[in-house]
């Protein structure tokens with residue numbers, strides 16, 4: 001908890017805190033404004049002259065889009081331009097390195113004829129005396145022993161800038177020169193050379209591919225011919241000659257026999273079906289309806305005769321009876337014609353039966369032949385498999401030969417082509433700039449002027465801060481007199497308050513010396529408070545804080561008065577703090593703020609409740625070095641902080657780690673809380689009584705506090721009615 005105390009709020013050396021006097025600092029700067037304006041004007045003039053004397057430089061810019069330029073007429077083979085992947089960021093950065101390469105730089109130096117240009121060639125104006133001295137000392141390389149291109153390369157690269165445009169595939173090529181036309185020409189030349197380098201790289205790649213494919217194609221051609229010859233020789237030896245559709249003769253014969261067998265079976269079935277149909281129609285007397293019979297010329301003539309006889313019989317039947325010779329003759333003729341028709345139909349049926357038997361015989365023969373051919377084909381199976389392997393090998397070699405031959409022809413075409421499209425194109429050519437890129441006159445003059453003003457301002461402020469004149473001491477509050485009882489001697493009230501006065505413009509060391517001499521005055525031994533100080537000094541142990549509890553014995557709350565007066569006296573030679581316990585005891589006492597002129601603020605109640613820190617509750621007496629902790633305001637809930645004994649103990653222990661004297665006051669000599677403080681957290685007990693309380697009452701107070709078992713606790717009694725300060729032992733009257 002002690003860490004919450006800030007340096008400017010802890011006792012330290014006891015001096016008033018020094019604050020920055022901003023108004024004084026402003027007055028000093030205003031008085032020395034010539035030291036602000038003067039350097040600014042000097043910087044303005046110097047920068048204006050410098051930017052006009054410096055030779056201007058011009059920057060030209062060319063932009064190149066990285067994109068495949070393959071078109072329908074330049075695309076070889078089955079390559080698809082749309083399927084080619086677009087360059088990524090790494091590819092774009094690689095192109096930046098290509099544009100910045102030394103090989104391309106040498107070509108650009110030759111194309112631009114930079115040799116002998118004083119801006120780029122160090123030997124254009126000869127070697128100066130300074131350079132000669134550096135060369136003799138070995139600090140500089142002799143340009144005479146360096147090739148011209150190598151001499152120019154450093155200056156060339158200093159003026160060349162290549163970078164990609166963010167989130168795009170565009171390269172920006174910038175070139176800087178004192179000559180605007182040269183800058184534009186150089187930027188365009190570098191871009192053109194970059195495209196030429198890409199085209200040359202494609203031609204070189206095509207040449208390398210053609211050289212590698214030439215031997216491969218020759219080897220594949222030989223191997224393919226050997227494989228074809230081997231397959232043909234095996235085919236001749238095994239009798240597996242090829243027929244139609246690249247099939248062997250045996251397989252082709254088997255296929256043909258199978259086709260003929262199917263046709264024979266179809267013919268047999270058709271003949272049998274027709275014979276059965278005609279036989280059934282003959283039995284039914286429908287001979288003329290049979291297609292094969294109806295198409296016969298004999299049947300056609302017999303049918304006509306039969307129709308004529310039927311017509312004549314019908315005509316004669318109207319006048320003649322059936323028994324008439326003429327009618328019998330007609331009937332006999334009709335029967336003869338029907339017999340002839342039946343005979344012709346039976347011949348047709350017998351012919352169809354013969355065709356069916358012939359077809360059946362053919363089927364049997366073809367079946368036998370097919371079975372025989374199957375056996376022959378099966379016997380030739382291993383040879384066929386081996387022949388298939390030989391054919392497959394020959395076919396693969398032939399395909400490889402065709403593919404590599406095509407690639408070889410494409411590579412030759414690329415190699416022999418006059419130009420190959422580069423994978424980039426210029427989208428913006430540089431033109432001679434009208435305005436120089438360096439120096440930027442207005443920004444440089446403005447920045448230099450502001451920098452000069454700020455530098456002089458910083459120097460002036462630093463001088464005032466280092467001298468200490470920019471700081472002023474701040475005293476909190478206004479010195480207010482302390483209201484003492486009438487029983488106190490007049491010299492108590494007449495004791496002057498310790499208010500060191502100093503000139504804010506004085507030196508800090510002088511102020512410290514004056515303040516220390518005023519505050520370190522020894523206490524007067526004839527003074528009652530001085531007697532208390534002497535007694536406490538005798539009781540204090542070295543390197544340990546002395547905790548003093550001042551209790552009220554009389555009817556009036558006098559403990560705070562005694563504590564403040566005692567604290568002021570002790571603070572002259574030691575670090576002292578006074579704690580008002582009125583809020584912790586739930587008792588109304590004279591607050592420290594009213595006696596010390598300290599502004600109202602957070603106090604012990606807020607500290608124990610967690611609403612404030614040590615740095616916020618520790619205040620300083622306006623008349624001395626004494627530090628104060630006021631009583632504070634109890635929480636709105638009305639909780640009594642007397643119950644938070646552990647919190648109060650922690651606060652007192654933390655203060656004892658920092659201060660030499662801890663004075664506690666604001667409570668009466670009764671109750672459990674006062675007894676606990678006196679027994680556990682008190683080194684010296686001071687009873688503040690008035691005239692109306694005698695020795696009997698004081699003894700009773702000691703008994704109430706439970707001090708019967710604390711014989712080693714010193715008890716001092718202060719009677720406010722007189723001048724005497726009496727030290728009494730436990731159990732004795734004052």
I'd like the residue in the stretch 674-704 that is at pLDDT below 75 and touching a strand residue (DSSP E or B) at 6+ places or on another chain (Cβ under 8 Å) and, out of all such residues, is nearest to residue 539 (Cα to Cα).
702
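The rows are residues; the columns are (1) in the same structural domain as residue 348 (by TED's automatic domain parsing); (2) farther than 23 Å from residue 346 by Cβ; (3) at pLDDT 80 or above; (4) surrounded by 12 or more Cβ atoms within 10 Å (Cβ to Cβ).
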| position | (1), (2), (3), (4) |
| --- | --- |
| 295 | yes, no, no, no |
| 311 | yes, yes, yes, no |
| 315 | yes, yes, yes, no |
| 320 | yes, yes, no, yes |
| 324 | yes, yes, yes, yes |
One residue is enough: does the stretch 534-546 have a residue meeting the conditions in contact with a helix residue (DSSP H, G or I) (Cβ under 9 Å, 6 or more places away or on another chain), in the same structural domain as residue 623 (by TED's automatic domain parsing) and at pLDDT below 85?
no
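Any idea which of 476, 463 is in a helix (DSSP H, G or I), modelled with pLDDT under 90 and out of contact with any helix residue (DSSP H, G or I) (no Cβ under 7 Å at 6 or more places or on another chain)? Spell out how you get there, then give the answer.
Working: 476 fails: in a helix (DSSP H, G or I).
Within the list 476, 463, the selection yields 463.
Hey, can you tell me all the residues within the stretch 643-660 that are touching a strand residue (DSSP E or B) at 6+ places or on another chain (Cβ under 6 Å) and part of a helix (DSSP H, G or I)? Steps first, answer last, please.
Initially, the stretch 643-660 is screened for residues touching a strand residue (DSSP E or B) at 6+ places or on another chain (Cβ under 6 Å), giving 655-656, 659.
655, 656, listed by residue number.
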Selection from the stretch 18-70 of residues within 27 Å of residue 435 (Cα to Cα) and in a strand (DSSP E or B) yields 57, 58, 59, 60, 61, 62, 63, 64, 65
For residue 423, are the conditions met, namely being under 30 Å from residue 229 (Cβ atoms) and within 56 Å of the chain's Cα centre (by Cα)?
no
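Every residue, every condition in (1) outside any helix (DSSP H, G or I); (2) touching a strand residue (DSSP E or B) at 6+ places or on another chain (Cβ under 9 Å); (3) surrounded by 14 or more Cβ atoms within 10 Å (Cβ to Cβ); (4) at pLDDT 85 or above, yes or no:
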site	(1), (2), (3), (4)
357	no, no, no, no
363	no, no, yes, no
368	no, no, no, no
371	no, no, no, no
382	no, no, no, no
388	no, no, no, no
393	no, no, yes, yes
399	no, no, no, yes
407	no, no, yes, yes
What pairs come up if the first residue lies in the stretch 23-35 and is more than 14 Å from residue 470 (Cα to Cα), the second is in a helix (DSSP H, G or I), and their beta carbons are under 7 Å apart, counting only those six or more places apart or on different chains?
32/460; 35/456; 35/460
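Return yes or no: is residue 426 part of a helix (DSSP H, G or I), surrounded by 14 or more Cβ atoms within 10 Å (Cβ to Cβ) and modelled with pLDDT of 80 or more?
In short, no.
With the stretch 83-183 as the region, which helices (runs of 4 or more DSSP H) entirely inside it contain at least 1 residues that are in contact (Cβ under 8 Å) with a residue 40 or more places away in the chain? Walk me through how you get there before you give the answer.
On the way: elements: 89-99, 102-112, 129-136, 148-159.
Of the helices (runs of 4 or more DSSP H) lying wholly inside the stretch 83-183, those with at least 1 residues that are in contact (Cβ under 8 Å) with a residue 40 or more places away in the chain span 89-99, 102-112, 148-159.
The values are calculated or read from the model by the stated rules, or taken from the named source; none is laboratory data. A quick note: this is a predicted structure, and the numbers were derived from the prediction, not measured. FYI the Cβ positions are ideal-geometry reconstructions off the backbone, even for glycines, and counts take in every protein chain you see.
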